Amino acid sequence: MSSQPKFPEDPNSHSTDADAVPIMNPEAHGVFRPMHKTGVIYVMTEAAKLGFHYGHPDWANLGQGAPETGPLPGSPNRIERIEVDPGSNEYAPVQGLLEVREAVAELYNARYRAGMASKFTAKNVAISSGGRLALTRIAATLGNVNLGHFLPDYTAYEELLDLFRAFVPLPILLEGELGFDLAPERLRKEIVGKGLSALLISNPCNPTGHVIRGGALRAWVDICRELGCVLIIDEFYAHYLYGGAARQDGPSLSAMRYVQDVNKDPVVIVDGLTKNWRYPGWRLAWTVGPEWVIERITSAGSFIDGGPSHPVQRAALPLITKEHADAEARSIQATFDEKRRLVVERLRAMGMHLDAEPQGAFYCFASLENLPPSLRDGMAFFRKALERKVVVVPGQFFDVNPGKRREHIPSRLRRYVRISFGPNKDQLELGLDRLDAMIRES
């Protein structure tokens, strides 16, 4: 008997078995590699299986990676309607509209470059459709270098750092016992010891809320200038400052305050409307840095995405002024600081531990080590919370692990969860009450 394999017949074909051509299974042959969802997308997908959707009145979304988007006390008027000029139906330049890039440059000059000779121009700015895309453009331009990233940090960095194989991502461990801080002298050792040519970090940090500011941030910029290490900073939470950070750093924070020469210092920042202006659905971001960096990421944008939305850029122009941005920042700080204090107080009363109170962003990175045994693991806590219609994010998703090279090592962040105080106060209180009941009943 023949061992010839049989393949499905084409009903429109009259070929014999001898003429059959094997049909390749693309999945089995690895045509497409497996892709992991980011932490927030994963938890939202799991919640959706149980009936969650955004705006559902019975759910409390404390895993939310976006701020509440309605009016706040003292905030500027929110944009509710966008008029589309017929000219906006044409493609916009890959680097972004000139007038938008000029507005971003002027905003950074007004906020951080007063009295300094070196100023930003439109050539120092590139516009993109969201922060992830801005970071993807940057990653696409990196050469054969060692890039340092931090643990814990933003979950989306994991796949981003694994996607492009020209550079080698190397982790830098931040200790909870030190409030997830990294002193400048240790930063210097990490750069030299690991041969780093670039660093990627969120500041304020998602998920811990730690902020590098003042003299420490100046020292980071100085060290990177001296060692020729490019400092890439995700500043998407620059308006979310509390306590001393809000009092001493003004309405917003940026490493650009400590840059000496905007075209020589190796500092690149990414920001946009998503968090600091509370327009996440607009998907509009910008990259600010030396002209030679902007030239390269614009070239990357020409084949990665083709440029940002023309109508959205036009609509965003009134938002990108110092007066508007500062008013928005102050209203955020007043409202979110009240929510921050509520969440910190309630979490501690439940028995959760915070290695450091958040100084920025809108998250508490809470340790579960003192809770009942069944709730000390972040994934278990997350699953139990879903049963109560509450969404949180397990801490292990912030253990950025490109290529899953540390799969054999249990995540040291598995005993944490990230609790967001991005939602409005009513949703926060609903979720906290349910978590409190869950812990008491365990």
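The numbers here are math on the coordinates, done by the rules we state, and not lab data. Every value quoted in this text rests on a predicted model; they were computed, and no experiment measured them. Please note: Cβ atoms are built from the backbone with ideal geometry, for glycine as well, and neighbour counts cover all protein chains shown.
With the contact rule set at Cα under 8 Å and sequence spacing of 6 or more, what percent relative contact order holds for the chain?
24
List D153, D265 from most exposed to least, where exposure is judged by having the fewest other Cβ atoms within 10 Å.
By the 10 Å Cβ count, ascending: D265, D153.
Based only on other Cβ atoms within 10 Å, what is the fewest-to-most ordering of Y237, Y54?
Fewest to most other Cβ atoms nearby, the residues stand as Y54, Y237.
Mind putting a number on the dipole of region 86-326 about its Cα centre? Charges go on the C-beta only, +1 for Lys and Arg and -1 for Asp and Glu, and I need it in Debye to the nearest 20.
280
By what distance, in whole Å, do the Cα atoms of the chain stretch along each of the three principal axes, largest value first?
88, 57, 53
Between E90 and H56, 0.36 nm times their residue separation minus their Cα-Cα distance comes to what?
Length gained between E90 and H56: 8.5 nm.
Taking a point 7 angstrom from the Cα of V192 along the C-beta vector, which residues in region 216-240 have backbone N less than 12 Å away?
The answer is 227.
Using the Cα centre as the reference, give the magnitude of the dipole from point charges on the C-beta atoms of the chain (Lys, Arg: +1; Asp, Glu: -1; all else neutral), rounded to the nearest 20 debye.
840
Among P311, A300, G193, which residue has its Cα positioned farthest towards the positive end of the charge dipole of region 86-326, with +1 placed on the Cβ of Lys and Arg, -1 on the Cβ of Asp and Glu, and the dipole taken about the Cα centre?
My answer, from the dipole projection, is P311.
Between R415 and residues 5 or more places away or on another chain, which pairs have amide H atoms under 5 Å apart, with H built 1.01 Å from N, and which residues are they?
Result for R415 returns G378.
Between region 345-398 and region 208-240, how far is it from one alpha carbon centroid to the other, in angstrom?
Region 345-398 and region 208-240 have Cα centres spaced 27 Å from each other.
What number comes out for the charge environment of L182, summing +1 per Lys or Arg and -1 per Asp or Glu over other residues with Cβ under 12 Å away?
With Lys, Arg at +1 and Asp, Glu at -1, the neighbours total -2.
Using amide H atoms built 1.01 Å from N in the peptide plane, name the residues 5+ places from L170, or on other chains, whose amide H lies under 5 Å from its own.
L147, G148, H149
Measure off 7 Å from each Cα along the Cα-to-Cβ vector at E357 and R247, then give the distance between these two points in nanometres to one decimal.
Output for this residue pair reads 1.2 nm.
For the chain, what does -39500 (n - 2.57) per DSSP helix run (n ≥ 4), summed and divided by total residues, give at 222 nm, in deg cm²/dmol to the nearest 500?
-11000 deg cm²/dmol
How large are Rg and Dmax for region 180-243 when only the alpha carbon atoms are used, in Å?
11.8, 36
Among residues other than T287 whose Cβ falls under 11 Å from its Cβ, what is the net charge (Lys/Arg +1, Asp/Glu -1)?
0
Pairs to check: K119/K194; K275/K389; K119/K264; K275/K322; K384/K404; K123/K322. Give those whose C-alpha atoms are more than 22 Å from each other in this structure.
Too far apart for the 22 Å limit: K119/K194; K275/K389; K384/K404.
Determine the sum of side-chain charges near G74: Lys and Arg each +1, Asp and Glu each -1, restricted to other residues whose C-beta is under 12 angstrom from that of G74.
Spelling it out: positives minus negatives among the neighbours equals -1.
How do H210, H29, H56 line up, fewest other C-beta atoms within 10 Å first?
With the fewest neighbours first, H210, H29, H56 line up as H29, H56, H210.
Please list 171-180, 62-71, 142-151 highest first by mean number of surrounding beta-carbon atoms within 10 Å per residue.
Final packing ranking: 62-71, 142-151, 171-180.
So for each of 74-83, 384-393 I average, over its residues, the number of other beta carbons within 10 Å; can you give me the resulting order with the highest mean first?
Final packing ranking: 384-393, 74-83.
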